[in-house]
Structures are given as structure tokens and as C-alpha cells.
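The next block holds one structure in the form of C-alpha cells; read it before the comments.
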Amino acid sequence: MEATSTDAGRTIISARGLGVRFRRNRGSRRSFKDLFAGRSRRSRPGEFWALREVSFDVRPGEAIGVVGRNGQGKSTLLKLVAGVLFPDEGRVRVRGGVAPLIEITGGFVGDLTVRDNVHLTAGLHGLGKGEIARRFESIIDFAGAEDVIDTPFKHLSSGMKVRVAFALISQLDEPILLVDEVLAVGDRAFRAKCYRRIEELLAEGKTLFLVSHNERDLRRFCGRGLYLDQGRLVLDAPIDEVLDRYNSDHPA
């Protein structure tokens, strides 16, 4: 991933010919040579393309819903945008920082307390100690985590992990927010709280990538959709058109 400063009106995310290859045998590892082989290396037995030939541009302030069945490359795409995964083919350029909520753990360290994780993660996203201290109380209050501040993150329930992770990433100054299904873990009242916060962030001009199987959420937040099927970008269009196509291809 290549990152540069954000300029209003410019493309904030640009993807060209993205391809990611995985091995079905999790015990198998790529060699150091494989990392530099790129297009020249043929697929080996047991390998498959999680994404292939995916291209799109995103402008600042857009809200993108990523649509598709399980295992079609949606989470892989978000990881590419977040910079935690590198493509085997193509490139993705992200102009600005990314606040990802892609997994329940939120990238937190299990052995560290909630307090230490908030300070560590916020610091990694460029917030100074003083700014973290000013935002700390509102983060904990949003999560309802007052009683677990000094509890190791690994001992929290799945629901509380999501609460803390969302409360933190929604307080960061990054212009791009990635949310992948994890809000389905929280209770209804907390989801409503998160949805109000997402609306506030969109009103501030943040860019959103949302992976969800909930059509109501996708229509509520997203104006545009990317429909992935078998690792390919089938349709890039207004969200209503994308959902209609998806439902036509995969009737309930």
C-alpha cells in the first residue's frame, strides 16, 4: 500500500488489477522467492485466488457497501485497503490514514489491559499523549467499559471487545473507516449507538467501507456498492442496483 497526504476532491483510494492468492493448506508457507515472483509465477496445486483483477476508485466522503456471499473476498479487500495484506497482483494506493475494525479483536493485544491498548493503538494512529488523555474518558464511556479498564483485553467478552474497538476507532482522526461485520456481535442498543456515530462520521466527510449482510444497514449508510463474486468485481454501481443484482443472483 502506498500512502500520501489527503487532498480534497482527489481520489482517496485507487485499486488497479488487485489479485490475492492463498493456499488451502494452512500449514503451507510461501517462500521468500514467492513474494517477488508476482505475475510470473504460476499457481501451485492447492492455491486459489481470493481476489482477481479488482479495480475501482473512491473519492473522499463516499460510503461504500461491499456485497457478496461468505468467502468471496470481501474481508480480503478491506485488509488490502488497511495495508495489513499485500496483493500478489496489482496495486492499491490509499491517500490518508485508515481506522480499521475488521476483526473482533480490533488489532488489540490480548495480554494488555483495555487502558494500555487504547493508549497503544491511538498512539500508533498518530495521537499524542495529551490528546489520548483528553479522549480517553469518552472512549471508555462510549464502550461502557468503566469496570474493565484494567482488565486484559483477552479476558473480555466478544461483545465488550467490539464495544472497545469501535469506541476507539470512531475517535481517531483517520479519514477512512473500515467496518467488517463485527457490529453484528454487539447488542441492539449498542448497535444503534454505533449507527448514530457512523452517521456523525459520514457527516464530517469520512470515507466508509462497510461489509455487511444486512441490507437495511447497507441502504442506510452507503450510496455505492461493490459486488464481489468468486473473487471478481461483478458490479460497481449505486447500492440499490448492487443489492438488486445480488438478490437476483442469489434468491433467498
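The values are calculated or read from the model by the stated rules, or taken from the named source; none is laboratory data. The structure displayed is predicted, hence computed values, not measured ones. Here Cβ is always computed from backbone atoms with ideal geometry, including for glycine, and neighbour counts include all displayed protein chains.
Structure above, values below:
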read-out	value
Ile64 being hydrophobic (A, V, I, L, M, F, W, C) and modelled with pLDDT under 90	no
Filter result (more than 29 Å from Arg93 (Cα to Cα) and out of contact with any Leu (no Cβ under 7 Å at 6 or more places or on another chain)) within the range 185-214	Val185, Gly186, Asp187, Arg188, Ala189, Phe190, Ala192, Lys193, Arg196
Residues satisfying the stated conditions in the range 136-171, i.e. out of contact with any helix residue (DSSP H, G or I) (no Cβ under 7 Å at 6 or more places or on another chain) and surrounded by fewer than 20 Cβ atoms within 10 Å (Cβ to Cβ)	Glu137, Ser138, Asp141, Asp147, Pro152, Lys154, His155, Ser157
Residue match in the range 182-196 (condition: modelled with pLDDT under 95, under 25 Å from Leu80 (Cβ atoms), buried (at least 18 other Cβ atoms within 10 Å of the Cβ) and out of contact with any helix residue (DSSP H, G or I) (no Cβ under 6 Å at 6 or more places or on another chain))	no
Number of the condition not met by Lys129 [criteria: (1) closer than 23 Å to Gly205 by Cα; (2) over 15 Å from the mean Cα position of the chain (by Cα); (3) among the charged types (D, E, K, R)]	(1)
Residue satisfying all of: in the range 225-252; small (Gly, Ala, Ser) and without any contact (Cβ under 8 Å) to a residue 24 or more places away in the chain; surrounded by the most Cβ atoms within 10 Å (Cβ to Cβ) among these	Ala237
